[in-house]
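Report on one structure; see the data block that follows.
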């Protein structure tokens, strides 16, 4: 028998927000998308949301106000020093948990999802990334520390290597319910339900300019590759497309029953949108 709406929890994970134009887009579209998808919780990776990489308090406030319940980060989280004290103000702003213990902020938070408790974990990979603490060991400690204090666990793996993301997902299959990757800015087509009923996708993609190279003006990136000389990058602020994934969970068991990619553009942009209204739970 098909699950009814009350039996389904829906988690919307939104890919790396690149630049203030993408933040403007979230302010226009995220709450409407959240309502259309019947999402119970929205997690947004915003480590590149401020101009020139990083995140500052003003932009973080805008992302929360636009409809994010939790903001996750990555290797650019600490790019702007103004964000350091903001971690103490807003515990739902995360940075990767495997940074040194004296780094500002925390790498996990427990938030309500209807009548359940969701533990959201932000972790960084270490392959082709900063040599942070082993992510497997870090996440094991988090799960042990919070044992009995959460009903669902979610994890953003901010990492370069596909194999590392998939290894973490398979290792924590059945213990962390929704697992997704960020960082590469390119949405992958491998959304799946793992053997122990965790939902997974290697990379959500980005929320940024469709006509760009990973959100940056194409000509500047090409110039960098051709010249091998320093180039000041500028983000593209228009033709923004949101990429992410939607996870359906059985509200009673926590088992993921469906994982779907999300692509959402403005109505006046000539870009096909997924989720045009035909996906509402029965």
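Brief remarks on what is shown
- Qualifying positions in segment 1-18 - modelled with pLDDT of 95 or more and either in a strand (DSSP E or B) or more than 15 Å from the chain's Cα centre (by Cα) (or both): 8, 9, 10, 11, 12, 13, 14, 16, 17, 18
- Where a residue in segment 59-70 is on the phi > 0 side of the Ramachandran plot and its partner, wherever it lies, is part of a loop (DSSP other than H, G, I, E, B), with Cβ under 9 Å and at least six apart: 67/39
- Residue list for segment 103-122, restricted to those being in a loop (DSSP other than H, G, I, E, B), closer than 30 Å to residue 6 by Cβ and touching a helix residue (DSSP H, G or I) at 6+ places or on another chain (Cβ under 6 Å): none
- Hey, residue 103 under 17 Å from the mean Cα position of the chain (by Cα) and either touching a residue at least 12 places away in the same chain (Cβ under 8 Å) or over 27 Å from residue 212 (Cα atoms) (or both) or not: no
- For segment 84-97, the criterion of being surrounded by fewer than 21 Cβ atoms within 10 Å (Cβ to Cβ), modelled with pLDDT under 95 and either touching a strand residue (DSSP E or B) at 6+ places or on another chain (Cβ under 9 Å) or within 21 Å of residue 142 (Cα to Cα) (or both) is met by at least one residue.
- Residue match in segment 130-144 (condition: under 14 Å from the mean Cα position of the chain (by Cα), in a loop (DSSP other than H, G, I, E, B) and surrounded by 14 or more Cβ atoms within 10 Å (Cβ to Cβ)): no
- Yes/no for residue 179 being under 23 Å from residue 144 (Cβ atoms) and buried (at least 23 other Cβ atoms within 10 Å of the Cβ): yes
- Residue in segment 20-35 that is in a loop (DSSP other than H, G, I, E, B), modelled with pLDDT of 95 or more and under 19 Å from residue 204 (Cα atoms) present: no
- Restricting attention to segment 81-102 and to residues that are touching a helix residue (DSSP H, G or I) at 6+ places or on another chain (Cβ under 9 Å) and in a loop (DSSP other than H, G, I, E, B), the residue that is nearest to residue 46 (Cα to Cα) turns out to be 95.
- Count of residues meeting criterion [within 24 Å of residue 251 (Cβ to Cβ) and surrounded by 22 or more Cβ atoms within 10 Å (Cβ to Cβ)] in segment 11-32: 5
- Residues of segment 197-219 that are in a loop (DSSP other than H, G, I, E, B) and farther than 21 Å from residue 233 by Cβ: 197, 198, 202, 204.
The values are calculated or read from the model by the stated rules, or taken from the named source; none is laboratory data. Since we're looking at a predicted model, the values are computed, not measured. Backbone-built Cβ (ideal geometry, glycine too); neighbour counts: all protein chains shown.
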